[in-house]
1. Using the alpha-carbon centroid of each, what span in Å lies between the stretch A:402-432 and the stretch A:131-204?
2. Roughly speaking, what is the stretch gain from residue A:471 to residue A:613, that is 0.36 nm per residue apart minus the C-alpha to C-alpha distance, in nm to one decimal?
3. If we count other beta carbons within 10 Å of each Cβ, what is the order of A:533, A:207, fewest first?
4. Please list A:267-273, A:621-627, A:160-166 highest first by mean number of surrounding beta-carbon atoms within 10 Å per residue.
5. Fewest first, what order do A:411, A:454, A:59 take by the number of other Cβ atoms within 10 Å?
6. Using the per-residue mean of other Cβ atoms lying within 10 Å as a proxy for protection, in what order, highest first, do the peptides A:181-192, A:587-598 fall?
7. Testing the spin-label approximation: label points 7 Å from Cα along Cα→Cβ at residue A:625 and residue A:281. State their distance in nm.
8. Just need the relative contact order of the stretch B:20-209 here, percent rounded to a whole number, with Cα pairs under 8 Å and 6+ apart.
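Where a number appears in this text, it was derived from the coordinates with a stated rule and is not lab data. In this text, all values refer to a predicted model and were calculated from it rather than measured experimentally. Here the Cβ positions follow ideal geometry from the backbone for every residue, glycine too, while neighbour counts run over all protein chains shown.
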Amino acid sequence: MKRFSLILIAVGAIVFAQSCKMKTTEAAVSGDAASKVYVAPGKYDEFYNFVSGGFSGQVSVYGLPSGRLLKVIPVFSQNPENGYGYNEETKPMLQTSHGFIPWDDEHHLALSVTNGEHDGRWLFANANNTPRVARIDLKTFKTVEVLEIPNSGGNHSSPFITENSEYIIAGTRFSVPIAEQEVALTAESFKANFKSTVSFVGINQQTGNMGISFQIVLPGVDLDLARAGKGPSHGWFFLSCYNSEQANTLKEVNSSQKDKDFIVAINWKKAEEYVKAGKGRKMTTEYYHNVLNEETHTATSNIMKEVITLDPNELKDMVYFIPCPKSPHGCDVNPTGEYIVGSGKLAALIPVFSFDKIQKAIAAKTFEGDYHGIPVIKYEAALHGEVKKPGLGPLHTEFDAKGNAYTSFFVSSEIVKWSLKDLTVLDRVPTYYSIGHLMVPGGDTKSPYGKYVVAYNKITKDRYLPTGPELTQSAQLYSIEGDKMQLLLDYPTIGEPHYAQAILADKIKGQSVKFYDINHNKHPYLAKGEKETKVVREGNKVHVYMTAIRSHLTPDNIEGVRVGDEVYFHITNLEQDWDIPHGFAVKHADNAELLIMPGETNTLKFVPKKSGIYPFYCTDFCSALHQEMQGYLRVSPAGSNTPLKWYMGKQDTTAVAAK
Amino acid sequence: MAVHRYVLPFLFLFVMKNKLSLGGRISIFLVIACIATLWFFPMWRIDLAAPQYPEGIYMNIWINHLSGDVEIINGLNHYIGMKTIHEEDFKEFVYLPIVLGSFCGLGLLVFFWNRRIGYYIWTSIFLLIAAISMYDFWKWEYDYGHNLDPTAPIKVPGMAYQPPLIGYKKMLNFEALSQPDIGGWFYIIAGGILVGVCFYEWKRSKKKMA
């Protein structure tokens, strides 16, 4: 008996000791974390953090270090909350060569830069599904431009930006036949017809307007992520790719056969020279270019008909392939521009390439062969060194200003800090759970702000109160100020966060627009004051020139509309003060509301299906008498001759308009 | 006795052609310089703050126009039925520059005439302008604060919205602070100089007489 209990104690001790080794998530947060992220009520955060919305199609704006959600900017998806993509002014923003597309999958963001540092002008975003790029104005936090990318499928390696915002890039993750051909889906057809393209989208430095300068046509591989060179490597672009096997089915297995895929190195200055010399091929295609005019508050779509393509098989010295282990994902350039970090997502090491060595290898033609005619540089000739045993499934790398790199590991769910100098691992912290991208504020620029690293996680499981089968994704904020990374904060995100950017608030907060000057409003249906309100019939179209000011809509009684009419409510917000938007909604309208900023004009299209009385009202609690801000639309049966009439209060606006 | 005490010195000055001191003469230009600032800086400022306006709104009153958040104030005041404020309604914006300009011109006459009595008269005119202006300002404030539209959406029995002539006042959700602005402070400095110099000249004249 005594012996038996001794054994029991021994077994118990072993089990206990082992269970102590199992990590508990609570243990990860240390004492002073709360004070480091506490931003007192009424105080501002140090950073604006722009976070991609993934399958929500939008971009969210958080404050750091508090993790407070400040705004969701609608970009590629309709947003009933403020009428984006529903009102007549912004519908053109979502027009494509395949019609109106109300959704997309938004993955990566790039802040505009000058000399490799944030300049606070614009934020660029990509659409992965229907290939597009967008530009957001950082004065208004509004999407002001969307450009479609032809000859592309899965616009994933986008919109990474060059050192002086010369170009953003758009590379295809799903290689497709050029010119939208319809071809057979067989292995032979795939190898013969499918291509990848890298589009260089030029940025007009004055207006920010985007246009496709040229497209480089590559063999059919899956271009994954990209980074522009900087400093000494300025003029080059680096993209990771997988599926150099060119498999078209069960890619999970068939794209993972080769020991190495590639980093694609593109000399875009050389490409520019070829374009200037007329070596590009003009190709007829069709894609949409949608631009919001901030004076008319209206977007217009232009249909573009041509794109210039460059073939690296004909135009030498422009594209090189560098072998990179096991289906590389991240491809990141350090702040000095000398090192390119490839992250083979199935590899057990991280290769770091040297730009200097790549140049020497190209000069000495140290090639191991070619891939579909494009020279492949010898792995060892380009390699600076390898980070050994860093973790499982490396994805992305960001940098601080002290020569350290931070790599995310999806499979082992951790961030690993390592030194660029000697490629040794310095520290590792767990993430909760399965980190994808990570972001150090300014970590992709020449001068990282450092201070924090944020993990963007795919899985949250037990991290928050359960909300049924569909759970949120999350972000985790870590301090990187000390030698050891320290978890500070854990908060849910919008959609699925992929890449993010953060900029010092001081760089842009002063330029934020408070309201639109109504004197600069050039909307064609503007009513600049209540005296200009009117209702105009043009056939079966009825245009209502309406105004909103605390706390009434003018006109607020409208008669003479018939079933079969299309009614356009053009609402001008007459306010000229900060934070006084007015909303507008009509009973049974089958689209969304309007949310009109001071000095702006927005249009809601309403097609009444039945006769009757339709109340309309202000949806944004604007003032003490907001509840009184309402009116009626009378819709008469089709073919009736109720005269067109409108008024507000004692003022007979019909009479005013008749003059 | 009193008449003797106050009137005689003036008579003496007049008769004896008592001249201004050098300081007195220089002060004329200082006063004119102070008044001149009114063309470059506002004379009065009314600040308003409310829970909805943490950043505050304000109105500046110049000698010839208004500036600041006048339109915002007008927008808010319609709730309580206060008349909207329009520059055209104020004849003062025409008169005031003429009056102050003439006052400065008069200062030059006083300088050349170089008599104490001139300075005293000039100062009296200054004080008269100040008194009339403040009364006029108060009358406008009374008018705006009390003559309210009977159909206004917000009616608080017994409540008037006359802003303070000078100083702080709380009205419903708004706090109001009324005070001189840069130009106004220079006007006050001018007044200080005028009264001070008068006092000095008067003392000096008494000494001479003695």
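1. Taking the Cα centre of the stretch A:131-204 as reference, the centre of the stretch A:402-432 is 31 Å away.
2. Result for the pair: 46.9 nm of gain on full extension.
3. Taking fewest neighbouring Cβ atoms as first place, the list is A:207, A:533.
4. A:160-166, A:267-273, A:621-627
5. On the way: A:411 14, A:454 30, A:59 27.
Lowest to highest Cβ neighbour count: A:411, A:59, A:454.
6. Numbers: A:181-192: 11.4, A:587-598: 20.0.
My ranking of the peptides, most packed first, is A:587-598, A:181-192.
7. Label at residue A:625, label at residue A:281, 6.9 nm between them.
8. Numbers: 240 pairs, mean separation 66.7, N = 190.
With pairs under 8 Å counted, the relative contact order is 35 percent.
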